[in-house]
1. Once you have the Cα-Cα distance between F77 and S156, take 0.36 nm times their residue separation minus that, and quote the gain in nm to one decimal.
2. Just to be sure I understand the model, the point goes 7 Å from the Cα along the line to the Cβ. What's the resulting L96 to Q50 distance in nm?
3. For labels at Q60 and A167 in the simple 7 Å Cα→Cβ model, what's the distance in nm?
4. By per-residue mean of other Cβ atoms within 10 Å, what is the highest-first order of 14-20, 166-172, 54-60?
5. With a point put 7 Å past each Cα toward its Cβ, work out how far L12 is from A67 in nm, to one decimal.
6. Give me the net charge for the shell around A27: Cβ to Cβ below 12 angstrom, other residues only, Lys and Arg +1, Asp and Glu -1.
Amino acid sequence: MAVQTVEQVQRLAPYLEGLEKRLLGTAFGTFDGETQTAPGLLDKPIGLPQYQVAGFDPLQERALQYAPNLVGSYAPFIGGAAGQTYGAQAALGAGLGALADPAAALAQYYNPYTSQVIDQTMGDIARAGEMQRLGLGAKAVGAGAFGGSRQAIAESELGRNVLEQQARTAGQLRQSGYSRLLKPHNVALN
């Protein structure tokens with residue numbers, strides 16, 4: 001069996017090959033093998049300066065003249081702003097402290113006797129509820145149904161009624177205490 005080798009060459013169009021050769025020769029020079037026969041543009045120094053800085057225009061020069069007088073002139077304004085910021089932080093801290101403990105914020109409006117009256121009233125309602133519960137138990141014993149489901153239902157209903165009455169009474173007592181506190185006072189003007 002014979003082996004065939006195929007070589008494929010891709011080339012530019014002949015006019016482009018000549019153009020490419022002249023362009024590269026202009027930039028890099030011409031070469032005969034490894035030896036350069038003519039220098040190219042990249043072999044010659046262009047003579048550009050290392051760096052250049054544009055001068056200031058008249059407005060920039062004027063700003064530079066005024067700059068020393070402006071440095072530090074803002075200090076009083078910054079000091080004033082800092083004072084206001086610290087004052088605002090203190091006020092915010094006081095407000096947040098009042099929100100964290102609303103009872104402390106509202107303590108000045110409390111009547112010290114209101115809580116004593118409410119506590120006493122809640123105790124009275126609880127005692128009345130306990131007496132009714134004992135009465136339910138006595139009735140159940142008399143009927144021979146002590147510890148039955150009807151007794152349990154009656155006791156849970158009684159407990160719900162007691163809690164409801166305590167909540168309603170406490171709300172009314174607090175409302176009456178605050179409404180007296182918030183009523184406008186008659187002040188005689190001289």
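1. Separation in residues times 0.36 nm, less the Cα-Cα distance, equals 21.5 nm.
2. 5.7 nm
3. Computed distance between label sites Q60 and A167 equals 7.7 nm.
4. Put in order of decreasing packing, that is 166-172, 14-20, 54-60.
5. The answer from the label model is 5.2 nm.
6. +1
Quick note: the coordinates plus some simple rules give every number you see, no bench work behind them. Keep in mind the model is a prediction, meaning the values are calculated, not measured. Cβ sites come from the backbone with ideal geometry, for glycine too, and all protein chains shown count toward neighbours.
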